[in-house]
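Each reported figure results from applying straightforward, stated rules to the coordinates on display, with no laboratory input. All values reported here derive from a predicted model rather than from experimental measurement. For neighbour counting, all protein chains shown are included, and Cβ atoms are generated from backbone atoms with ideal geometry for every residue, glycine included.
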Amino acid sequence: MLGVLDDSGRLRLAAPRYFEGESYDGWHAMVPAMIGLLVPILMAVVLTPWIVGEGLALLIGLMFAMLVLAVAAAVYSVMIKGRVVSITLLPATGMLEIVHAGPFANATTQLPIDRVASLEMTIEPPARRNIRAVAQMVTTDGRVMLLPDEIGRGELATFRAKLEEARRRRQRDGKSGSI
């Protein structure tokens, strides 16, 4: 899906469900669920330890296990960002805002528009039986980011044209798009 956001000139290329905003998805509910479990346990241990009695060691063990799980999820989310679900062109700053959706969290990164080498349709690697074209972005350092499956040739061509227009405008105005 391709569209302009809030009359600011920002152009977003995204999977339809991510077009308006980056909502929770799948495992993202793990963090609120862990908080929901942790609050009553913590209140029982801190406020009324005499009621817990012999179960105190079990509850402390449960909280420790939740801590380990939360740290592992956080480390995984930092190291493995997930698939690209949204790219927003910010012409005023000369940047692309890229949203990755991982199993535990969404991550947003920014990339200067000058670092985009190409936006193109390519044939998906033949690991599957059905061969299909997918959109991808290649950076100047050779990184390849597959874009959402729902992105078509026409949307990609329009976004590429707007990206080139923003690049030319920044060069004409003498602004650099790098960090």
**Item:** Cα→Cβ-extended label distance, 7 Å offset, between Ala65 and Gln171, nm
**Value:** 5.9 nm
**Ala72-Arg10 pseudo-label distance in nm [points 7 Å out on the Cα-to-Cβ vector]** = 3.6 nm
**Request:** Give the residues of region 67-86 whose amide nitrogen is closer than 15 Å to a point set 7 Å from the Cα of Arg17 in the direction of its Cβ.
**Result:** 83-86
**Request:** Mind ranking 87-97, 144-154 by how tightly packed they are, going by the mean number of other C-beta atoms within 10 angstrom, highest first?
**Result:** 87-97, 144-154
**Request:** Starting at the first residue of region 94-101, write each ³J(HN,Hα) from the Karplus equation 6.51 cos²θ - 1.76 cosθ + 1.60 with θ = phi - 60°, in whole Hz, x for Gly and Pro.
**Result:** x, 10, 10, 9, 10, 10, 9, 10
**Message:** Starting from 0.36 nm per residue, how many nanometres of slack lie between Leu146 and Ala57 once their C-alpha separation is accounted for?
**Reply:** 27.3 nm
**Request:** Give the residues of region 58-100 whose amide nitrogen is closer than 19 Å to a point set 7 Å from the Cα of Leu47 in the direction of its Cβ.
**Result:** 59-60, 63
